[in-house]
Amino acid sequence: MAETRVIHGFHAITARIRQHPDSVLEIYADPQRRDPRVRDLLKLAETNGVRVVPAEGKRLDGMVGNARHQGVAARVDAAQKVRHLDDVLDTLSEPALLLVLDGVQDPHNLGACLRSADAFGVHAVIAPKDRAVGLNATVEKVACGAAETVPYITVTNLARTLRELQERDIWVVGADSEAETDLHGLQHRGALAWVLGAEGEGLRRLTRETCDQLVRIPMLGSVESLNVSVSAGVCLFEARRQRAG
């Protein structure tokens, strides 16, 4: 029997049906909700042949651990499609833009990073298998569908993966608050991989040493650093701005 897991929230479930309808085994919906969002989701489920099971709010609470499920949950195939980085890079028609997360452990931050990655056309998000949160129901809900549109690739050795990117002529830039060069000093329109560190810890030593260049985000206020997902949005926006320019 296939291993399954539960996801929740309208964005996460809708995106999963649209991207991978065969992986959605059944949807649980609160019969007390009859608003347009529920009707649209149920219609999408019917179109794709997904079974819908009525489930009261208390049952949904138990399924998702009292998270904010919005009255809907879905049981999906937990098997992740094997996505190798080469599968992504070999099919690109433009210079690669990648986001590398060095050990992000907060699911809300990972979900927000995926949203930024989707918004700025990132071709893949790369993270280590260990010391990182990985995809789960909270990540998918916060990502609002981006977990289904942006390839999320886990690797066993992050430093080695960065070196492999460099062998493909992808410039690897780490965001580091102690860097001498600030974001305005980065001039690069070619293939690029932004590397951001974990909450509070920043980049690990070996990751930092492997980067081609370290760049800091200029800070004008009193706070010393930004949330990793905010930093990701700033860095990715600058990458796209330079390419458009």
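The values are calculated or read from the model by the stated rules, or taken from the named source; none is laboratory data. Bear in mind that the values here come from a model prediction, so they are computed numbers and not experimental data. Please note: Cβ atoms are built from the backbone with ideal geometry, for glycine as well, and neighbour counts cover all protein chains shown. Note: accessible area is taken over every heavy atom of the protein model, side chains too, but ligands, DNA and RNA are not part of it. Shrake-Rupley method; radii C 1.70, N 1.55, O 1.52, S 1.80 Å.
Can you send over the solvent-accessible area of residue 182, 1.4 Å probe, protein chains only, in Å² to the nearest 10?
40
Considering the dipole of the chain built from charges on the beta carbon (Lys and Arg +1, Asp and Glu -1) around the Cα centre, which of 96, 152, 211 is farthest to its positive end?
The Cα lying farthest towards the positive end belongs to 152.
5 Å is the cut-off here: which amide hydrogens, built 1.01 Å from N in the peptide plane, fall below it relative to residue 122, excluding neighbours closer than 5 in sequence?
none
If I stretch the segment between residue 5 and residue 180 completely, what's the gain in nm (0.36 nm per residue apart, minus their alpha carbon distance), one decimal?
Numbers: separation 175, 0.36 × 175 = 63.00 nm, distance 4.49 nm.
Between residue 5 and residue 180, full extension yields an extra 58.5 nm.
Over the chain, with every protein chain in place, what whole percent of the accessible area is carbon and sulfur at 1.4 Å, could you tell me? Before the final figure, lay out the partial values.
Details: 5940 of 12750 Å².
Percent of accessible area from carbon and sulfur atoms in the chain: 47.
Magnitude of the Cβ-charge dipole of segment 68-191, K/R +1 and D/E -1, about the Cα centre, nearest 20 debye? Provide the component values of the computation, followed by the final result.
Details: 12 positive and 18 negative charges, 110 e Å.
For segment 68-191, the charge dipole is close to 520 debye.
Rg (Å, one decimal) plus Dmax (Å, integer) for the alpha carbons of segment 1-128?
Cα-based Rg and Dmax for segment 1-128 come out at 16.7, 49 Å.
Would you calculate, for the chain, the mean residue ellipticity at 222 nm contributed by helices, counting each DSSP H stretch of 4 or more residues as -39,500 (n - 2.57) and dividing by all residues, to the nearest 500?
On the way: 10 runs with 92 residues, N = 245.
Per the formula, -10500 deg cm²/dmol.
Averaged per residue, what accessible surface does the chain expose to a 1.4 Å probe, in Å²? Write out the running numbers ahead of the final one.
Numbers: 12750 Å² over 245 residues.
Heavy-atom SASA per residue in the chain reads 52 Å².
Quick query: amide H of residue 102 versus all other amide H atoms, modeled in the peptide plane; which residues come in under 5 Å with a sequence gap of 5 or more or a different chain?
196, 197, 198
Kindly write out, for segment 65-76 in residue order, the coupling ³J(HN,Hα) from the Karplus curve 6.51 cos²θ - 1.76 cosθ + 1.60 (θ = phi - 60°), rounded to whole Hz, with x marking Gly and Pro.
x, 6, 6, 7, 8, 6, x, 9, 8, 8, 9, 10
Please grab the % of Cα pairs in the chain that end up more than 33 Å from each other. Mind dumping the intermediate values first?
On the way: 7591 of 29890 pairs.
Distances greater than 33 Å cover 25 percent of the Cα pairs.
Place a +1 charge on the Cβ of each Lys and Arg in the chain and a -1 charge on the Cβ of each Asp and Glu, then give the dipole magnitude about the Cα centre in debye, rounded to the nearest 20. Walk me through the numbers on the way to the answer.
Numbers: 30 positive and 33 negative charges, 167 e Å.
Here the size comes out at about 800 debye.
At a 10 angstrom cut-off on C-beta neighbours, averaged per residue, how do the peptides 89-96, 201-208, 143-150, 61-68 rank from highest to lowest? Don't skip to the answer; put the middle values down first.
On the way: 89-96: 11.9, 201-208: 16.6, 143-150: 22.2, 61-68: 13.8.
The packing order, highest mean first, is 143-150, 201-208, 61-68, 89-96.
Quick one: 3J(HN,Hα) in Hz for segment 95-111, Karplus 6.51/-1.76/1.60 with θ = phi - 60°, rounded, Gly and Pro as x.
With coefficients 6.51, -1.76 and 1.60, one gets x, 5, 10, 10, 10, 10, 10, 8, x, 5, 10, 8, x, 5, 5, 5, x Hz.
Given H placed on each backbone N at 1.01 Å, which residues far from residue 155 in sequence or on other chains put an amide H within less than 5 Å of it?
HN-HN under 5 Å from residue 155: 127, 129.
Which number comes out as Rg/Rh for segment 102-245 once both Rg and the Kirkwood Rh are worked out on C-alpha atoms?
Working: Rg = 14.2 Å, Rh = 15.3 Å.
Reported Rg/Rh, Kirkwood definition of Rh: 0.93.
With a ≥ b ≥ c taken as the square roots of the eigenvalues of the C-alpha gyration tensor of segment 184-231, please select rounded if a/c is under 1.5 and otherwise prolate if a/b is larger than b/c or oblate if it is not?
Numbers: a/c = 2.00, a/b = 1.21, b/c = 1.66.
It is oblate, given that a/c is not under 1.5 and a/b is not larger than b/c.
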